[in-house]
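Visitor: Sharing a structure below in structure tokens format, with a few things to ask.
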Amino acid sequence: PPSFLACAADTYLASSVLNVCVLNSQPSSPVISEVKPQAIIMVVVAPYFAMLPLLVAIFVRYKIIIPPTKWCKETKGGLLGEEYIQSKQDAFKYASKAVEEGYSIWDEPSTNWETMHKDGDKLHVESRRITEGPFATSGILVTRATGTIIGADADEIYDHFITPEGLLLLDPTMDVEEAARYIERYTKDKKTYVDVHKSFNAMPPGVTDRYHLVLNGYYTKERYFFCKSIVHDSIPGASPYFEFANETSSTNPIQDEHGVRAVNTFHFHIQPTQDKKGVVVRMINYVDFQVGSTMMNWLISKAFFPGVYERIEAMFGGASEN
């Protein structure tokens, strides 16, 4: 209907899906049929960022099933789940696990990953399945990306990226003022600190609002940033994937008074190239927005990272390889 198309064009929806970090779902939908629309979808999604709100809204409203069930069938691995953060000690213990997770995922051999996008030596995006741990039932892939940007400075990009304005590189439509707010901050030293952050994601009419509660980690000496969903008393409850110690099984509602609780993992690391003529930017992304695995796998594995790298290159890329 025209009214639905109008609200689908609302850029808040693009923000909700693509801002997987600070403004940043239920297990996968059943398989109805296996089709191969990859080429058609990419023609629409890749060149036209503005089409993403419409695609997301259509998936949510009409539950379109185009499951990429054959992707990454021979891959396996885990992903660190939510933990209950009650103190500074808890926060940095979890942060250490998160940083270890990021480096470990980047170190996994490519034989355990499937290429989703490759642009020569400029950008390589790979995904694999989650077969262990709390997210194994989600059906959503974890995706990693490595890209080279010539003429850029690692410190300049990192220092900008960890600011609220810098996170516009992930999503140009995000609310910078909202991104600057945090619930609690713990500092380890001048180079290391973490924030507990709650983000709210407005949805179009007919689609319940989403939100996340995350721990953002800033390891500035290493030029490392991570953002992972946690459990914290500022907003009681958790995602469906978390079980409290006094419960025999998870009874966490998908939806509460704040909206639908989403889950995400995001890692960012940058370092100079060996010849010092540019930088290597590495990222990892997992998002469960409680809209089924089909949509999330298409958007995150195929559409998300190329746009992020293009924005970083447009802002910081410089001279050629002379």
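Just so it is clear, none of the values below were taken in a lab; they were calculated from the coordinates. Just so you know, these numbers come straight off a predicted model, no measurement behind them. Glycine also receives a Cβ, built like all others from the backbone with ideal geometry; neighbour counts cover every protein chain displayed.
Visitor: What pairs in Lys276/Lys302; Lys93/Lys188; Lys188/Lys277; Lys277/Lys302; Lys73/Lys118 have C-alpha atoms more than 21 Å from each other?
Guide: Details: Lys276/Lys302 30 Å; Lys93/Lys188 11 Å; Lys188/Lys277 33 Å; Lys277/Lys302 28 Å; Lys73/Lys118 19 Å.
In this structure, Lys276/Lys302; Lys188/Lys277; Lys277/Lys302 exceed 21 Å between Cα atoms.
Visitor: If you don't mind, another one. Can you tell me the order of 182-190, 94-102, 143-151 when each peptide is scored by its average per-residue count of other Cβ atoms within 10 angstrom, highest first?
Guide: Values: 182-190: 13.1, 94-102: 18.2, 143-151: 20.8.
Going from most to least packed, we get 143-151, 94-102, 182-190.
Visitor: Mind listing P(r) for region 146-196? All alpha-carbon pairs, 5 Å bins, whole percents.
Guide: 5, 15, 19, 25, 18, 13, 5, 0
Visitor: For region 144-239, what class follows from the C-alpha gyration tensor (a ≥ b ≥ c being the square roots of its eigenvalues): rounded when a/c is under 1.5, otherwise prolate if a/b is larger than b/c, else oblate? Don't jump to the answer; show the numbers that get you there.
Guide: Numbers: a/c = 2.20, a/b = 1.35, b/c = 1.63.
Verdict is oblate for region 144-239.
Visitor: Cross-link candidates for Lys76: which aspartates and glutamates have Cα within less than 20 Å, leaving aside residues fewer than 8 places away along the same chain?
Guide: The reachable aspartates and glutamates, counting only those whose Cα sits under 20 Å from Lys76, are Glu100, Glu101, Asp107, Glu108, Glu114, Glu126, Glu132, Asp288.
Visitor: I would also like to ask the following. Which value in nm describes the separation of the simple spin-label points at Asp119 and Asp209, placed 7 Å from the Cα toward the beta carbon?
Guide: 3.5
Visitor: What is the sum of charges, Lys and Arg at +1 and Asp and Glu at -1, for the other residues whose Cβ falls under 11 Å from the Cβ of Pro164?
Guide: Values: positive: Arg181; negative: Glu165, Asp175, Glu177, Glu178.
With Lys, Arg at +1 and Asp, Glu at -1, the net is -3.
Visitor: Assuming R0 = 41 Å, what is the FRET efficiency of Ser110 and Phe200, from their Cβ-Cβ distance, to the nearest 0.05? Walk me through the numbers before you get to the answer.
Guide: On the way: r = 37 Å, r/R0 = 0.91.
Working from the Cβ atoms, E equals 0.65.
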